[in-house]
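Reviewing the structure listed below.
Bear in mind that the values in this text are calculations on the coordinates, not laboratory data. Because the structure is predicted, anything quoted here is derived from the model rather than measured. Here the Cβ positions follow ideal geometry from the backbone for every residue, glycine too, while neighbour counts run over all protein chains shown.
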Amino acid sequence: MVARGTADRLDYHRAGARLQASRGGGVIQPEPGSRLAAFGSVRFVADRVDGEIANRKGVASGAVRVDAARGDVARTDRIYYDGDFLRSDTRVDAVGPGYRVESNGLLARTDGSVIQLTDGVKGKLQMEARP
Amino acid sequence: MTGAIVLLAAATLPSGPLDFKARDMRIEPQERRVVLDGDVHLSRGDLNVTGEHAVAEYAKEQAPPRRPRGRKKEASDTIVGGQSVERFTVSGNVHVQSGSRTADGEQGVMDVKAQTLVLTGTPQSPPVVRDGSETLSGERILLRLDSEDVDVVRPRVVLRRSIAEEGQPTPVRVEADHLLLLQARRLARFTDDVVVRRGDAVVRSPRMEARYDGEGQLTKLELRGGVDVRQGDRRATGLNADYDAKARTLVLAGDPKLYDQGDVLTGDRIDLALDTKEVRVERARGRLRPEAHKGERGAP
């Protein structure tokens, strides 16, 4: 996986490889063949991003939006990154190919193998058109 | 009753997206499916399906139709992104509701393209369709969501409201290998090993059609292909039989024969009154043994 990004402002503390970004965004390019590859490249933006690169930890907060090239778009107020997982304990609104869903939480593996919307979900699933 | 069940099938799946609620949702993009867990509730139009677990399987992606030049992308296109569910499997205490009618089973498979909903259960807890006090169960119940027909494997039906009887009606129970309910023709077609039980009367035949009036009341049962009737010591056979639900008489035709404690009667037609046990034979011939009936109530 390759990630790159931009921000209005970035504070980087070399000790501990900690970073704080305001109005930050990035693009994740999954490895071909990985489970995440089904989504294509994934873009994200947030008002604030705090991370510890060395420890593979971070939190993005404030109007967090994730866009996958496949067409999935998720919005939430706060999302945590902890190594192999992305987690949110705030409301998540997601729209994607064939679905629209609201939930009160999110748990996803960063390799894309599991994307779970939790703590009460509701939404719509598109049904196949009649022949 | 079957008429009422015919009406149940009016759960025609309306077009448009399906609303859902659940505790958790898992998206598995590579498997092209979405898994819903915990208090799953699906609804579309007046069709509501609940269960403990559901799997939505997505159709393979198709190339989107070409949009006429200049036409903007519609809101619905952005919602669904061009992928759609082709099959839903709901399991665990599946409950289907459409208006006042309900159906229950252990598993329900909704095939969106075929417009069918198949309910299955276990031998101990078979799938059931209910409309008020009326019930229909079987090994497998297929509800056609477009034509409103119902296809049942090994049906077990209790025709409670089918007979216009005063006071406490005698239920008519029907079993067969197969039942097809044809809503438009107000017809229930039972085939293979049909057994009809009413009180102490048991009627067997390979085929039977039940006809209903506009209010879902049974008017007639037509048994074809060989009929065998047993009621106490009495036995009757014929090629065909018609049961008039209002008169509560069974009319045997096609070399009909009646056997009753040594009596053997045949004729052009035999009418059996199931309640009074009276018999009328047209152009009768046969052998009667009055001594066999001595001591019976009403005997001289």
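For the stretch A:2-125, what is the relative contact order in percent, using Cα pairs closer than 8 Å and at least 6 residues apart in sequence? Kindly include the intermediate steps, with their values, before the conclusion.
Details: 326 pairs, mean separation 19.8, N = 124.
Here the relative contact order equals 16 percent.
With +1 on the Cβ of every Lys and Arg and -1 on the Cβ of every Asp and Glu, and nothing else charged, how large is the dipole of chain A about its Cα centre, in debye rounded to the nearest 20?
Dipole about the Cα centre, nearest 20: 180 debye.
If I take the Cα coordinates of the stretch A:2-125 and project them onto the principal axes, what are the three extents in Å, biggest first?
That gives 46, 31, 23 Å along the principal axes, largest extent first.
Could you order the peptides A:96-106, B:184-194 from most to least packed, using the average number of other C-beta atoms within 10 Å per residue? If you can, show how the numbers build up before the last one.
Numbers: A:96-106: 20.9, B:184-194: 18.2.
Ranked from most to least packed, the peptides come out as A:96-106, B:184-194.
Once the other residues with Cβ under 12 Å from the Cβ of B:His53 are scored (Lys, Arg +1; Asp, Glu -1), what is the net sum?
Residues near B:His53 contribute -3 overall.
In whole angstrom, how long is each semi-axis of the equivalent ellipsoid of the stretch B:134-255, when you take the square root of 5 times every eigenvalue of its Cα gyration tensor and sort them from largest down?
Ellipsoid half-lengths, sorted descending, are 23, 17, 14 Å.
What full-extension length gain, to one decimal in nm, is calculated for B:Gln217 and B:Leu239 as 0.36 nm per residue of separation minus the Cα-Cα distance?
Full extension of this stretch gives 5.3 nm more.
If you count, for every residue in A:73-86, the Cβ atoms of partner chains within 10 Å of its Cβ, what is the mean? Display every interim value, and only then the final one.
Details: counts 2, 0, 0, 0, 0, 0, 0, 0, 0, 0, 0, 0, 0, 0.
That works out to 0 on average.
Set Lys and Arg Cβ to +1 and Asp and Glu Cβ to -1, take the dipole of the stretch B:154-300 about its Cα centre, and tell me which of B:Leu252, B:Phe190, B:Gln231 lies farthest positive.
Of the listed residues, the answer is B:Phe190.
Do any of A:Lys57/A:Lys124; A:Lys57/B:Lys60; B:Lys113/B:Lys246; A:Lys122/B:Lys113; A:Lys57/B:Lys21 go past 30 Å between their Cα atoms, and which?
A:Lys57/A:Lys124; A:Lys57/B:Lys60; B:Lys113/B:Lys246; A:Lys57/B:Lys21, as the Cα separations exceed 30 Å there.
Peptide B:24-37: average number of partner chain Cβ atoms within 10 Å per residue?
Values: counts 9, 13, 8, 12, 7, 13, 6, 1, 3, 0, 8, 1, 4, 3.
Shielding by partners across B:24-37 averages 6.
Note down the net charge around B:Asp19, summing +1 for each Lys or Arg and -1 for each Asp or Glu among other residues with Cβ under 15 Å from its Cβ. List each step's numbers first, then the result.
Numbers: positive: A:Arg100, A:Lys122, A:Lys124, B:Lys21, B:Arg44; negative: A:Glu102, B:Asp39, B:Asp46.
Once positives and negatives cancel, what remains is +2.
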